[in-house]
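Reviewing the structure listed below.
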Amino acid sequence: MHRFARFLPPLPALTMVNVLDILLVAVVVYEVLMVVRGTRAFHVLIGILTMVSIYAVAVWAGLEALRAVLSFIVPYLGLAIIVLFQSEIRRTLARIGRKNWFGFGQGFRAPEEINEIILAVEYFAERKTGALIVLERDIGLRTFIESGVRLEAHVSRDLLLSIFEPGLPLHDGAVIVQKNLIAAAACFLPLTTNPQLSRAFGTRHRAAIGITEETDCLSLVVSEETGRISVASFGELLQGLEIKDVVEHIHRHFGAVRPTSMQIGEFPADIPLATDAGSKSSDRTDML
């Protein structure tokens, strides 16, 4: 042991500052692993760490030939990390920015517009009409809004039904909702590249997940094959939800206090309901 002790540097005294430093480094490493977990970037990260470890061993053991070869590669690993992990870095920075620091950024609080959206989603589910509606939260979606057709129209059930009517020009793509306005329709969204997703997911569902991986928005998806309603947020997709589950998820995602039926449950009489049975009107009132 004494022979190897001379190769090891003396350990510094363990203080509270050092303990805090170690804990912070552990948190950073954990967050990095959580970001790249289950993605192709994880294997790339393992390869980079292996290269750095081999270089450190070569320097420590005095392997000059190996160190000379790796010295041409290791300095460029920083640039390689930025290029290879650009989507993960962007996602991590967005995750830090969307934290509710000091109570700022309370999110979406427009129950009247939620009523209109839910009515449209229920109609799409019954008629098996494909639809993708994105609700903006704190991170702006201007980049994606500019990829579609600008509308800047108030949210209404009838307008959403017109947009997603099969065969019409705006049917394909996503509708982006900002506060109480439909900002744009037929928008192009980034597709998720998560290899763990089933291949059964089509472009609409992959776009719904992809946009939530980069921002803190919430996506509502209706499948045109099955009519099932799905909700995507923070890179995860919940499938086969009931209307009441969708409403609860919206309020929970945006941090809004769930309103009472007196606040949100009464629909105007001139708005046709998505179901033919009049008895379901009261059920919809209760669940919202």
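See the values below:
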{"quantity": "Backbone HN-Hα couplings from phi across region 197-206 [Karplus 6.51/-1.76/1.60, Hz, Gly and Pro as x]", "calculated": "6, 5, 6, 6, 6, x, 5, 4, 5, 5"}
{"quantity": "Ratio of the Cα radius of gyration of region 41-85 to 2.2 N^0.38 Å, where N counts its residues", "calculated": "1.19"}
{"quantity": "Amide proton proximity set for Ala184, modelled H, under 5 Å, gap of 5+", "calculated": "Leu151, Glu152, Ile176"}
{"quantity": "Peptides ranked, highest mean first, by Cβ atoms within 10 Å: ranges 230-240, 115-125, 162-172", "calculated": "115-125, 230-240, 162-172"}
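Read-outs: derived from the displayed coordinates by stated rules, not from any lab. Bear in mind that the values here come from a model prediction, so they are computed numbers and not experimental data. All Cβ positions, even for glycine, are placed from backbone atoms using ideal geometry, and neighbour counts span all protein chains on display.
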